[in-house]
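K.L.:
First the structure, which I've put down as structure tokens, then a few questions once you've had a look.
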Amino acid sequence: MPQVPPHGPQKPSPSQPPQGPQKYRGMLPWIVMLGIGLTMMYFLNMRERAVSTIPYSSPDADTPNLVSLVENHKVQSARIIRDMSGPIYIEGTLHEDVEVEGITQNFKSYVPDIDRDFMKWLRAHDVETEIPPQNPLLWHILSSLLPVLLIFGLIYFVFIRQMRAAGHGAMSFGKSKARMLNREKNKITFKNVAGVNEAKEEVQEIIAFLKDPKKFQKLGGRIPKGVMLMGPPGTGKTLLAKAIAGEADVPFFSISGSDFVEMFVGVGASRVRDMFEQGKKSAPCIIFIDEIDAVGRSRFTGIGGGHDEREQTLNALLVEMDGFETSEGVIIIAATNRPDVLDPALLRRGRFDRQIVIDLPMIDGREDILKIHSRNIKLSDDVNLRRIARGTPGFSGADLENLLNEAALLAARREKDAVEMPDLEEARDKVLWGSERRSRKIDDKEKRLTAYHEAGHAVVQQVLKETEPLHKVTIIPRGIAYLGATMSLPEKDSYTQSRSKLLDELAGAMGGRCAEEIVFGEITNGAAQDIKQSTDIAHKMVCSWGMSEKLGPQRFGQNQEVMFLGREVSRQQDYSEQTAQIIDAEVARLLHEAHDRAHSILQEYREALETVTQHLLEQETIDGRDVVDIVETGRIRTQEERNDIDKDEDEKSPAEKQKTDSQEASTENQETDT
């Protein structure tokens, strides 16, 4: 069950500037941009100032030289470079309108000596002369090293610093990715976890052992090496691990099962060993592995041989947990929603000593979960969370959180000051059956057929005694494939279903098809989902639950589990062909009897069928109590009549109320293998 911490993330105080490397981290992009800019400017400048070297004089008249260029008045300016440590040369520039083949606009020429006569000679030929005060040797050194230094600096800041900061150095792929949880930031405790009281008690025992091991060791007990949290998605396995980290006063490492496997061979096993090495240094400590089925799947189930990197990772984990060199003081807590595919060696005693099943919450647990998630939501005074909890059987903690969030969004969209009860009920319907799709255009004929179909379901379910109470009937399209829906909400949690209740469910599912036959004299494909659901129930009644009078209490066929890596590819039928024919006949008999039963009910209550259909065509959605009134009285009762009925229910004797409550409690607390 995901949970938002009661307090938001703590922001650093504006009066305290960041310390250490964080202080200079924001300057890195500016440094990189400055280096790139200087490098580009340098190379552009060198390109623009590309020079050619020419001789001072030449006997060949066709060869460009300094003397001929000056005497022909082609040189515009000259910079005389003097230096005691090197030769004397001239940096000259030709006139803009002068082009000399073989040299560029800027040229350089070494001269034997510079005296007054040489300077007069240049001025006599209209050459602008300049003697800049500089050190050419130092400039040459800097101009040669500057590009190299800039390039290496750019490589350092862009690549090496980033790799070090991310911890992804060239030799770090074999290191464990387990992250140590910061105790100051982790604010989730057992107060933020609800609906899993038994699991909380078992993990609290482990925390107590870590805090005071002598209390258990004096009686000869030893600390469990591993705890496996198993349960459906969204029931709060990861949240429970976060609460353990918040309660335990020991180091807590967190890692995902997928973090072990990489593209390199042997990385997974190396990371497992490194993770336990970190745990030994911090012992006693807790290591939490989320979604352990990513590396803990059963071995020897693939088709063919070959090296499997995942198996090597699992072998390393098995050895570290219970091998020759056992890691004392390191407790492994793992979570998975696929315990059926885990390797048996991983689940044996001595490795994962304790296996905690976190199931879907009961009604009291759902109410507590709703209270926790509603702390940050403004609820109206008329909100009854107990009623919402009763109407959400089978919801996980994540589903309940989503329900409250959807209700808050609906209330905000309607510009309400607080979340009201209708918002919560509509959000529940949206989570269960999908959102309304009023934009889908349906013609009058299909709309009338859909109304009779849903009215048939509603009337048959109301007449039968063992079906769940009706919640709402609608002909507004919902979800992807539903043109209408007949919604039922159980009043309490139940773990067993009687044969009579299952037969009533079969008849209720056939009500829509029978209404089409009675009214229109033909059938449509609108009952496809009803037929699929009915066939599944009938097949389980015959093959799995032993509810066939002809075949008796016997199971036929193997479990239809998800095939994993070739497991049970060659599944064999464990009953004869004659028995298979009997099974098919029994399934067909149950479905035909349910169809005939629904058909006869609708024939008897034809007037109620027409009345419910008429109200659906007028209102598009009617309440379940309206169907009850129509079936019982032929009309919808007034609000005063309903208040009188509710008042009579409230005036029951305390003995009758106590009897009813005890019956509900005993039904909720039944635990049987189904």
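K.L.:
Give region 102-123 a look and list any residue that's open to solvent by 30 Å² or more (accessible area, probe 1.4 Å) and in contact (Cβ under 8 Å) with a residue 24 or more places away in the chain, or say none.
P.N.:
Of all residues in region 102-123, those open to solvent by 30 Å² or more (accessible area, probe 1.4 Å) come to 102, 104-106, 108, 110, 112-113, 115-117, 120-121, 123.
Correct list: G102, T104, N106, K108, Y110, P112, D113, W121.
K.L.:
Which one is farthest from P132 (Cα to Cα) among residues in region 66-105 that are among the small types (G, A, S) and at pLDDT below 80?
P.N.:
Looking at residues that are among the small types (G, A, S) and at pLDDT below 80, I get G102.
K.L.:
Quick check on my filter: what residues within region 342-384 are out of contact with any strand residue (DSSP E or B) (no Cβ under 8 Å at 6 or more places or on another chain), open to solvent by less than 40 Å² (accessible area, probe 1.4 Å) and assigned to a helix (DSSP H, G or I)?
P.N.:
Keep residues of region 342-384 that are out of contact with any strand residue (DSSP E or B) (no Cβ under 8 Å at 6 or more places or on another chain), which gives 344-346, 348-350, 359-376, 381-382, 384.
Okay, now just the ones that are also open to solvent by less than 40 Å² (accessible area, probe 1.4 Å), so 345-346, 350, 361, 363, 365-367, 369-370, 372-374.
Correct list: A345, L346, I363, G365, R366, E367, I369, L370, I372, H373.
K.L.:
Taking E446, is it in contact (Cβ under 8 Å) with a residue 60 or more places away in the chain and open to solvent by 60 Å² or more (accessible area, probe 1.4 Å)?
P.N.:
No, not satisfied.
K.L.:
Of the numbered conditions (1) farther than 13 Å from A507 by Cβ; (2) touching a Ser or Thr at 6+ places or on another chain (Cβ under 9 Å); (3) at pLDDT 90 or above, G566 fails exactly one; give the number of that condition.
P.N.:
Among (1) farther than 13 Å from A507 by Cβ; (2) touching a Ser or Thr at 6+ places or on another chain (Cβ under 9 Å); (3) at pLDDT 90 or above, the lone unmet condition for G566 is (3).
K.L.:
Report the residue count in region 410-427 for those that are open to solvent by 50 Å² or more (accessible area, probe 1.4 Å) and farther than 13 Å from K378 by Cβ.
P.N.:
Selection size over region 410-427: 5.
K.L.:
From the list R589, R597, pick out the single residue that is open to solvent by 50 Å² or more (accessible area, probe 1.4 Å) and free of Cβ contacts under 8 Å to residues at least 40 places away in the same chain.
P.N.:
R589
K.L.:
Sort out which residues of region 544-560 are modelled with pLDDT under 85 and open to solvent by 90 Å² or more (accessible area, probe 1.4 Å), and write them in order of number.
P.N.:
Q560
K.L.:
Given the condition open to solvent by less than 30 Å² (accessible area, probe 1.4 Å), more than 18 Å from L616 (Cα to Cα), part of a helix (DSSP H, G or I) and touching a helix residue (DSSP H, G or I) at 6+ places or on another chain (Cβ under 8 Å), answer yes or no: does some residue in region 466-476 qualify?
P.N.:
no
K.L.:
Regarding K441, is this residue more than 23 Å from K378 (Cα to Cα), in a loop (DSSP other than H, G, I, E, B) and open to solvent by 40 Å² or more (accessible area, probe 1.4 Å)?
P.N.:
It is true that K441 is more than 23 Å from K378 (Cα to Cα), in a loop (DSSP other than H, G, I, E, B) and open to solvent by 40 Å² or more (accessible area, probe 1.4 Å).
K.L.:
Moving on. Restricting attention to region 200-252, which residues are among the polar types (S, T, N, Q) and either open to solvent by less than 20 Å² (accessible area, probe 1.4 Å) or closer than 27 Å to V341 by Cβ (or both)?
P.N.:
T235, T238
The values are calculated or read from the model by the stated rules, or taken from the named source; none is laboratory data. Quantities reported herein were computed from a predicted structural model and do not represent experimental measurements. Cβ sites come from the backbone with ideal geometry, for glycine too, and all protein chains shown count toward neighbours. What goes into the accessible areas is simple: the full protein's heavy atoms, side chains included, and nothing from ligands, DNA or RNA. Shrake-Rupley method; radii C 1.70, N 1.55, O 1.52, S 1.80 Å.
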